[in-house]
Protein chains: 2
Amino acid sequence: MGDKAVVNPRHNKAEVFARLRDAHAREVTEDYVEMIGDLIAEEGEARSVALAERFGVTAATVNNTIKRLERDGFVTSRPYRAIFLTEKGEALAKKCRERHQIVYNFLVSIGVDPEIAEFDAEGIEHHVSEETLAVFAKETGRSY
Amino acid sequence: MGDKAVVNPRHNKAEVFARLRDAHAREVTEDYVEMIGDLIAEEGEARSVALAERFGVTAATVNNTIKRLERDGFVTSRPYRAIFLTEKGEALAKKCRERHQIVYNFLVSIGVDPEIAEFDAEGIEHHVSEETLAVFAKETGRSY
DNA sequence: TTTTAAAGTTAGTCAAGGCTAAATTGATTT
DNA sequence: AAATCAATTTAGCCTTGACTAACTTTAAAA
C-alpha cells in the first residue's frame with residue numbers, strides 16, 4: 001500500500017500538454033468574440049473588414065473563421081451583412097474581457113509598463129487558470 | 001501638427017496579434033527542445049517513445065515534429081536512433097528552462113498552488129516578454 | 001440611373017500539428 | 001539463427017488558420 005509511485009512532477013505531464021492544446025484551440029475563438037464585442041460597442045456593428053484590419057489578416061481569413069464560429073454557435077451572420085454575437089458568444093466575450101482586464105491590471109500593478117502589459121496580457125489571458133486569476137485579482141492594487 | 005491621431009489603444013492591435021501568431025509557431029519547438037533536454041539529463045538519451053508518452057501524442061506525431069526541428073536546426077537524429085540537441089537547440093532549451101522556472105517561482109511566490117503553478121507556467125512561459133519576466137524575477141520572494 | 005469603389009465571398013494552395021494503419025528496423029529471447 | 005516484440009518510420013487523412021486571385025454584391029458618386 002501507499003506505493004502509488006511518487007511520480008516526479010516533471011514526468012507524466014501528458015495531461016498538461018493535452019490541456020494546453022485545448023487552450024490553443026480556443027484562443028482564436030476567444031480573440032474573435034472579444035473583438036466582435038468591442039466593435040459592436042465602439043462602432044455599433046462588427047464588419048469583417050474591421051476584424052481583418054484589427055487582427056492584421058486578410059478578409060478571406062476572417063471569413064473562414066467566422067464560418068467556424070457560426071458553426072460552433074458563437075456568432076450569427078448573413079452574407080454581406082454584419083456579424084452578431086449569440087448569447088453564447090456574448091457570454092464568452094464577457095468572460096474574456098474580464099479575464100483580460102484582470103491580467104492587465106495585475107501586470108501593471110506589479111510594475112510592468114502599460115504598453116507591454118497590454119501586449120503580454122493578450123498572450124497570457126488564454127492560459128491562466130481560474131485559481132491563478134483569483135490570486136491575480138486579489139494581489140492587484142496591493143501596496144508592495 | 002501633433003495630429004498623428006491619438007489612437008485608442010484598443011485599436012490597431014494588428015501588431016500584437018501578429019506577434020502572438022509568431023509566439024504560437026515557436027511554442028511546440030520550445031516545448032520539444034525543453035523536453036528533449038530533460039530526457040537527456042534524466043535518462044541519458046531522448047527517444048521518441050518517451051517524447052510521445054510525455055506529450056500525450058502518438059509516435060507518428062513526434063516523428064513529424066522532430067523532422068521539422070531537424071529542418072530548423074534544433075536537433076539531429078538518425079533513423080531508429082536517439083535524438084540530440086544541436087548547440088542552437090541546447091541554447092533554446094536552456095533559455096526556456098530558465099523562463100519556465102522564473103514564471104513558476106513567481107506564481108508560487110504570490111500564492112498559487114504549486115501544482116496549478118506548474119500547469120499555468122507551461123502555458124504562460126511562451127507569452128511573457130523579457131520585460132515582464134524581469135519584473136517577475138524581481139518580485140519573486142518579496143515579502144508581501 | 002448607371003458606374004465605380006469598397007466590402008464580402010469563393011476557390012484553391014500551403015504549413016503545422018494532430019490522427020490511424022501498415023510497414024520496417026533493431027534488439028531480445030528462445 | 002529464427003522468432004518475436006517494441007520502437008520507429010511511412011503513407012494517407014483531417015482541421016485550423018494563414019495566403020492570393022478572381023468574382024459578386026452592396027452602397028455611394030457621378
Of the cross-linked pairs B:K13/B:K95; B:K67/B:K88; B:K95/B:K138; A:K67/A:K88, which ones have a Cα-Cα span greater than 20 Å in the structure shown?
B:K13/B:K95
Can you list the residues of the stretch B:115-140 with backbone N under 19 Å from a point 7 Å past the Cα of A:E115, pointing along Cα to Cβ?
B:128-135
List the residue from chain A whose beta-carbon is nearest to the axis that rotates chain A onto chain B, together with that distance in whole Å.
A:I124, 3
Label geometry 7 Å along the beta-carbon vector: B:A23 inter-copy distances in nm:
1.0
Enter the mean projected area of the convex hull around the alpha-carbon atoms of the protein assembly as shown, in nm², rounded to one decimal.
20.3
Using only the Cα atoms, work out Rg/Rh for the stretch A:62-144, with Rh taken as the Kirkwood radius, to two decimals.
1.12
If you take the Cα atoms of chain B, find Rg, then find the Kirkwood Rh from the mean of 1/r over all pairs, what is Rg/Rh?
1.08
Hydropathy at least -1.0 by Kyte-Doolittle, axial extent at least 20 angstrom from the Cα trace: which helices of chain B, defined as entire DSSP H runs, fit?
B:14-43, B:87-109
For the interface of B with A, what's the total buried accessible surface in square angstrom, probe 1.4 angstrom, rounded to the nearest hundred?
4200
Can you list which of the chymotrypsin sites (Phe, Trp or Tyr not before Pro) found in the stretch B:17-110 are DSSP loop residues with at most 11 other C-beta atoms within 10 Å?
B:Y80
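The values are calculated or read from the model by the stated rules, or taken from the named source; none is laboratory data. These numbers come from a predicted model, not from an experiment. Backbone-built Cβ (ideal geometry, glycine too); neighbour counts: all protein chains shown. In case anyone asks, the SASA skips ligands and DNA or RNA and just uses the protein heavy atoms, side chains included. Shrake-Rupley method; radii C 1.70, N 1.55, O 1.52, S 1.80 Å.
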